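First comes the structure, then the notes that go with it.
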Ligand code: FPP
């Protein structure tokens, strides 16, 4: 049961969009490519890092809204493996902002029953960042509400490479047979294992790319691109994305959503749950 007043005050634009949502048909998992921080800063003649700093406010608003709506998962793309190419000062600032966010927001995460997790190669990060992340993961481990994934040092291709290595090692050790490798087994080895695949992928700032994000998991995601720059993204924009999602007709490759057919094996997502059978592309 969601508390509407907690999400949006009565008689506001946010509330009108919220009231138009069918809460029984919300996406289970939303993934977000947070983009446009640099452009936001440039438009204000500020250093790029000020865009990232302002983006933290948007992170807070999005996490709280998603948790209060009762979503199962939210995954935010904070730092890709390609982002190491950015100036050192920008990389250091991003890492510092992440640590600051975790320090300041811990009480809010706990109060909203949010379980914090990291997707990506954590071992490639600075030890002080790893320690802050591990601390947040363990302090929120008992939370049973939304799973909040931060994608850090993340690349979809690296994730699939890691899955391939894990499965190959199991085959080499004799604990797995090649014929046992199927979509479900691959999903179960992803960084997002246990969460349904994202139903909705949001990208801010208008770019039409998936940027190596959750490549396996977004196979059937609805994609919503908004021109809003990430530092301007708020509860209203998140609710608008959910509203657009609810107006889409999801077909999973079929013609219309087929009736469940007990004779036909449906493909599975990372949590092992089934989707309507894929018929054609
Ligand atoms: C893309 O904008 C944004 C990023 C690379 C970083 C996003 C990170 C944060 C908002 C802060 C840390 C996150 C958490 C979860 C606490 P860009 O710099 O590529 O923008 P541009 O395309 O306009 O240059």
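Assorted remarks:
- Largest GNM mean-square fluctuation across 111, 141, 241, computed for the chain with C-alpha springs under 10 Å, falls on 111.
- Top of 232, 199, 126 by mean-square fluctuation, Gaussian network on the chain, Cα under 10 Å: 126
- GNM flexibility winner over the chain from 185, 39, 104 (Cα, springs under 10 Å): 104
- Mean separation of Cα contacts under 8 Å, 6 or more apart, over the residue count of the chain: relative contact order %: 24 percent
- Averaging over all projection directions, the Cα-based convex hull of the chain occupies 16.7 nm² in the image plane.
- Share antiparallel - DSSP beta bridges, the chain, percent rounded to 5: 5 percent
- Modelled spin-label separation between residue 45 and residue 128, with each label point placed 7 Å from Cα along the Cα-to-Cβ direction: 3.2 nm.
- Over region 37-99, equivalent-ellipsoid semi-axes from the Cα gyration tensor in Å: 24, 15, 9
- Averaging Cα coordinates gives a centre for region 37-55 and one for region 123-185; these two points are 32 Å apart.
- As a length-normalised measure over Cα pairs under 8 Å and 6 or more apart, the relative contact order of region 1-130 settles at 24 percent.
- Pair-distance distribution P(r) for region 1-137, from all Cα-Cα distances in 5 Å bins starting at 0: 2, 8, 17, 20, 19, 15, 11, 7, 3, 0 percent.
- Peptide ranges 160-166, 130-136 listed from the most packed, as the mean C-beta count within 10 angstrom indicates: 130-136, 160-166
- Taking region 107-204 and dividing mean pair separation by its residue count, relative contact order in percent (alpha carbons under 8 Å, at least six apart): 29 percent
- Fraction of alpha-carbon pairs over 16 Å apart in region 93-196 - percent: 63 percent
Since every read-out is calculated from the coordinates, none of them should be taken as a lab result. This structure is a prediction, so every number in the text was calculated from the model and none was measured. Note: ideal-geometry Cβ built from the backbone for every residue, glycine included; neighbour counts use all protein chains shown.
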